[in-house]
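**Q** I'd like to ask some things about the structure below.
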Amino acid sequence: MKTIGILILTFLFSCNFIVAQDTLYIYKSGTVLYKQIVSNIDSVTFKNKKTVQETVTDIDGNVYHTVKIGTQTWMVENLKTTKYRDGNGGTIPNVSDNYTWFFTTDGAYCNYNDDEANGLKYGRLYNWYAITDNRKLAPAGWHVATDAEWTTLVNYLIANGYNYDGTKDDNRAAKSLASTTEWVTSNGPGSIGNDLTKNNTTGFTALPGGYRTGTYPSTFDYIGNRCYWWSSDGTNPFCRHLENNSSYVFRDDSYTKKYGFYVRCVKD
């Protein structure tokens, strides 16, 4: 309908069907928001605010898109940095060895299945020690999302009709966060994997990158089925995760600091 409007206006201007003193009025709920003499207008363009995205760059040069959801601004992609922001950008060890990954108490990252292509696609998997390091993972002006900020996000989605069934009384908003690609299909009502075309109404674009276990020997699991993110606070670290066969946004503190999860950042 907007495209038709643009075509009609362009046609009228080009054919001089509107006299010089005709005026364009823009209304909302019967109130005039803007008016302008048509002869002063060269063109009219309609923009959807959600399509205009700011970007942010980390210390490695990785570029992230952003999306505003409620009062929060989130990165659209999972973090990919291999360096800390402070302390001259100290390098985070890329640990593939199972023994080292399990026994280290220092920050570390890896790529799913130790494949760099997965790291570029899904982001890096970090242990808990990396996200709580004082040198900081997030770019300047940003920080790793806290448990409270995840709660704010989920509560906003529920209260503003982002549950798959439009209800506002329970946590059924996972589809609104999940990407429209990569997820294994599922028949569960309202689940992420049930009709992927209805996913990602928020623009959050969560990909199912799986995780690395914190057991010995550690393994990689759940790619295509789940995604996990650390929260940056708590004595027992919390995480949030999505599953392809569920409509629920999960909150869990049962995972040890040795697991490898993804990171989403929020603007300060």
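The values are calculated or read from the model by the stated rules, or taken from the named source; none is laboratory data. Everything numeric here is computed off the predicted structure, so don't read it as measured data. Here the Cβ is made from the backbone with ideal geometry for all residues, glycine too, and neighbour counts use every protein chain on show.
**Q** Counting just the residues of the range 220-233 that are assigned to a loop (DSSP other than H, G, I, E, B) and touching a strand residue (DSSP E or B) at 6+ places or on another chain (Cβ under 7 Å), which one comes out surrounded by the fewest Cβ atoms within 10 Å (Cβ to Cβ)? Show your work before the answer.
**A** So the first thing to find is which residues in the range 220-233 are assigned to a loop (DSSP other than H, G, I, E, B), and the list is 224-225, 231-233.
Cutting the leftovers down to touching a strand residue (DSSP E or B) at 6+ places or on another chain (Cβ under 7 Å) gives us 225, 231-232.
Working: N225: 18, S231: 24, S232: 23.
Only one residue tops the list, namely N225.
**Q** Among (1) closer than 30 Å to S218 by Cβ; (2) at pLDDT 95 or above, there is one condition G90 misses while meeting the rest; what is its number?
**A** (2)
**Q** In addition: With the checklist (1) assigned to a loop (DSSP other than H, G, I, E, B); (2) surrounded by 20 or more Cβ atoms within 10 Å (Cβ to Cβ) in hand, flag the one item H241 doesn't pass.
**A** (1) is the only condition that H241 fails.
**Q** Inside the range 122-149, can you point out the residues that are surrounded by fewer than 20 Cβ atoms within 10 Å (Cβ to Cβ) and either of a type in the set (D, E) or in a helix (DSSP H, G or I) (or both)?
**A** Within the range 122-149, Y129, D133, D147, A148, E149 qualify.
Conditions tested, residue by residue: (1) part of a helix (DSSP H, G or I); (2) assigned by TED's automatic domain parsing to the domain that holds T57; (3) under 18 Å from the mean Cα position of the chain (by Cα); (4) more than 27 Å from V63 (Cβ to Cβ).
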| position | (1), (2), (3), (4) |
| --- | --- |
| N113 | yes, yes, no, no |
| L120 | yes, yes, yes, no |
| Y156 | yes, yes, yes, no |
| D165 | no, yes, no, yes |
| K168 | no, yes, no, yes |
| S176 | yes, yes, yes, no |
| T180 | no, yes, yes, no |
| T185 | no, yes, no, yes |
| P189 | no, yes, no, yes |
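**Q** Can you tell me how many residues within the range 196-219 are more than 26 Å from Y259 (Cα to Cα) and either buried (at least 23 other Cβ atoms within 10 Å of the Cβ) or free of Cβ contacts under 8 Å to residues at least 40 places away in the same chain (or both)? Working first, answer last.
**A** Of all residues in the range 196-219, those more than 26 Å from Y259 (Cα to Cα) come to 196-203.
From what's left, either buried (at least 23 other Cβ atoms within 10 Å of the Cβ) or free of Cβ contacts under 8 Å to residues at least 40 places away in the same chain (or both): 196-202.
Adding up the residues that qualify gives 7.
**Q** Let me ask something else. Check A130, A174 and return the single one that is farther than 30 Å from N88 by Cβ and hydrophobic (A, V, I, L, M, F, W, C). Spell out how you get there, then give the answer.
**A** Values: A130 fails: farther than 30 Å from N88 by Cβ.
Sole residue among the options that is farther than 30 Å from N88 by Cβ and hydrophobic (A, V, I, L, M, F, W, C): A174.
**Q** Looking only at the range 193-206, decide whether some residue is among the aromatic types (F, W, Y) and outside any loop (DSSP other than H, G, I, E, B).
**A** no
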